[in-house]
1. Just give me the residues in region 1-57 being within 13 Å of His150 (Cα to Cα) and among the polar types (S, T, N, Q), in sequence order.
2. With at negative phi, surrounded by 19 or more Cβ atoms within 10 Å (Cβ to Cβ) and in contact with a Cys (Cβ under 6 Å, 6 or more places away or on another chain) as the only criterion, which of Val468, Val452, Val439 stands out?
3. So, in region 206-237, how many residues would count as being under 23 Å from Arg20 (Cβ atoms), surrounded by fewer than 19 Cβ atoms within 10 Å (Cβ to Cβ) and either of a type in the set (Ser, Thr, Tyr) or without any contact (Cβ under 8 Å) to a residue 60 or more places away in the chain (or both)?
4. For Thr122, work out the one condition from (1) among the hydroxyl-bearing types (Ser, Thr, Tyr); (2) part of a loop (DSSP other than H, G, I, E, B); (3) over 18 Å from Val58 (Cβ atoms) it doesn't fulfil.
5. Can you pull out every residue in region 136-145 that is surrounded by fewer than 19 Cβ atoms within 10 Å (Cβ to Cβ) and part of a loop (DSSP other than H, G, I, E, B)?
6. When you check Pro445 against the structure, is it over 24 Å from Ala101 (Cβ atoms) and of a type outside the set (Lys, Arg), yes or no?
7. Scan region 191-222 for residues that are among the small types (Gly, Ala, Ser) and under 18 Å from Asp26 (Cα atoms) and jot them down.
Amino acid sequence: MSNPNLFVALRAAFPQDLDRVAIETDEGLCYSWRDLDRASAMVANLLDSLALPPASRVAVQVEKSVEALVLYLATLRAGHVFLPLNTAYQSAEIEYFIGNAEPAVVVCSPGQFGWVSKIAFTAGTRHVFTLGDDRSGSLLERAAHMGDRHTPAVRGDDDLAAILYTSGTTGRSKGAMLTHGNLRSNAEVLKTYWGWKPDDVLIHALPIFHVHGLFVAIHGALINGSKMFWMSKFDPRLAIRKFSEATVFMGVPTLYTRMLAEPTLTPAQASHMRLFISGSAPLLIETFNEWKARTGHTILERYGMSETAMLTSNPCNADARFGGAAERRGGTVGFPLPGVDLRVVGEDAQAVQPGDIGGIQVRGPNVFKGYWRMPEKTAEEFTADGFFKTGDVGRVDERGYVHIVGRSKDLIISGGYNVYPAEIEGCINEMPGVAESAVIGVPHPDFGEVGVALVIARAGAQVDPAQVLSSLKSRLANFKIPKRCLVVPGLPRNTMGKVQKNVLREEHKALFV
């Protein structure tokens, strides 16, 4: 490839007729492929006009919109590094991300400009723009004066395309550095493995600040030249209505449980659909089975991470590598994708036997470059022979299917979002009257898993559970807030004094189910 810039690969897949509809929104707006090309050129020209240093970071915290997608494409096109931030993040979190990434450009929602710009300018960011989900904001106003032709910047496979912050178990977020080669190779593999067809239409119902919605879904549609039906926020009834016009749906398990609650979900309504994909959190076998019974479709579950994009997938079609098997097995995440090496190792770092449980390690062109400005942490997470230690625990059965059986440390995946207890515990432990806390994940019928905070009060002090949760809401993103807070007299510990969270999870596992 003469220019390995990811944008070049995506643009090359646009259909010949650029006036065809590329994106239809839930408000009835239609954007053509020509609109995406011209708009991304104008925003890329705006970025060029700022005379930014090469590969500058562009930090973005805005609501989901087609214009936000255009900004992503323009950032790639101009050769800079996209840094998406969850819209739920609060000021302390944004202050850390901006301080750590040192972006040259920050784009925020118009209503957040006051406090976000103060943080950005204090950190040395020179350019702060606004972008609303109603096509408003200074970014579009400035870009409107730019030309609509732009030659993509030349970038190599190993050059950064994006940084995704993924919270660490110590509470300090790490920036996973993903390259143009990482993202392009994964998109190309998934296009083949999931059997994308020329007439496929994707229902895009996910946020666009993490791997699933931004890379897997958007790249999948764009690199296939496929139309997207764009949902600004998930509406189960609308999604089901759109099944008759679409062929592919990607969602987290929570979206499937919400659609299963709708009486309009029937085999007839889903008959036009080709493929349902689930990821970002474990899919309960009950959900897997009920979906098949209600729609006649078998959900395809896959496995990936911020650091690697997609790693494994249940088969979409018959796969000659596995004796022609096309079976999507509930409770598994399928086989390693072509080009991905996956192994399961024991505590001695040696490969375990099929069926035995151990730590999952992976290697491949999709695996990230390392953690932003954390060379020691990067070195620690890779083996001498180049495998990345995912931190997940699993096994590979006799047929080659990968099973994720747990996660190292205490990661909670709630509604598809990663929640790290250490960060929440640190906030709780600073509150008046609190001696210690432990945050655990327990099963939940809608979110898959939610947090529960267990708090020990200091001697002579009283702690109000409702006040604990209220105080957290002013400091942390809403998806991190535990669903329940319980004041307890003590916490179970092992002989080393470490809190036994496995005991706590077992004790409280029936809180919501």
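The values are calculated or read from the model by the stated rules, or taken from the named source; none is laboratory data. The structure displayed is predicted, hence computed values, not measured ones. Neighbour counts are summed over all protein chains in view; Cβ atoms, including those assigned to glycine, are modelled from backbone coordinates with ideal geometry.
1. Selection gives Ser40, Asn45, Ser49.
2. Working: Val452 fails: in contact with a Cys (Cβ under 6 Å, 6 or more places away or on another chain); Val439 fails: in contact with a Cys (Cβ under 6 Å, 6 or more places away or on another chain).
Among Val468, Val452, Val439, only Val468 is at negative phi, surrounded by 19 or more Cβ atoms within 10 Å (Cβ to Cβ) and in contact with a Cys (Cβ under 6 Å, 6 or more places away or on another chain).
3. Matching residues across region 206-237 total 1.
4. It fails just one condition, (2).
5. So in region 136-145, the residues surrounded by fewer than 19 Cβ atoms within 10 Å (Cβ to Cβ) come out as 136, 138, 141-142, 144-145.
Residues satisfying the conditions are Ser136, Ala144, His145.
6. On the way: over 24 Å from Ala101 (Cβ atoms): yes; of a type outside the set (Lys, Arg): yes.
Yes: the conditions hold for Pro445.
7. Initial filter on region 191-222 (among the small types (Gly, Ala, Ser)): 195, 205, 213, 217, 220-221.
Within region 191-222, Ala205, Gly213, Ala217, Ala221 qualify.
Conditions (1) closer than 24 Å to Thr166 by Cα; (2) modelled with pLDDT of 95 or more; (3) not basic (Lys, Arg), marked per residue:
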position: Cys30; (1), (2), (3): no, yes, yes
position: Asp35; (1), (2), (3): no, yes, yes
position: Ser40; (1), (2), (3): no, yes, yes
position: Val43; (1), (2), (3): no, yes, yes
position: Val60; (1), (2), (3): yes, yes, yes
position: Lys64; (1), (2), (3): yes, yes, no
position: Val70; (1), (2), (3): yes, yes, yes
position: Arg77; (1), (2), (3): no, yes, no
position: Cys108; (1), (2), (3): yes, yes, yes
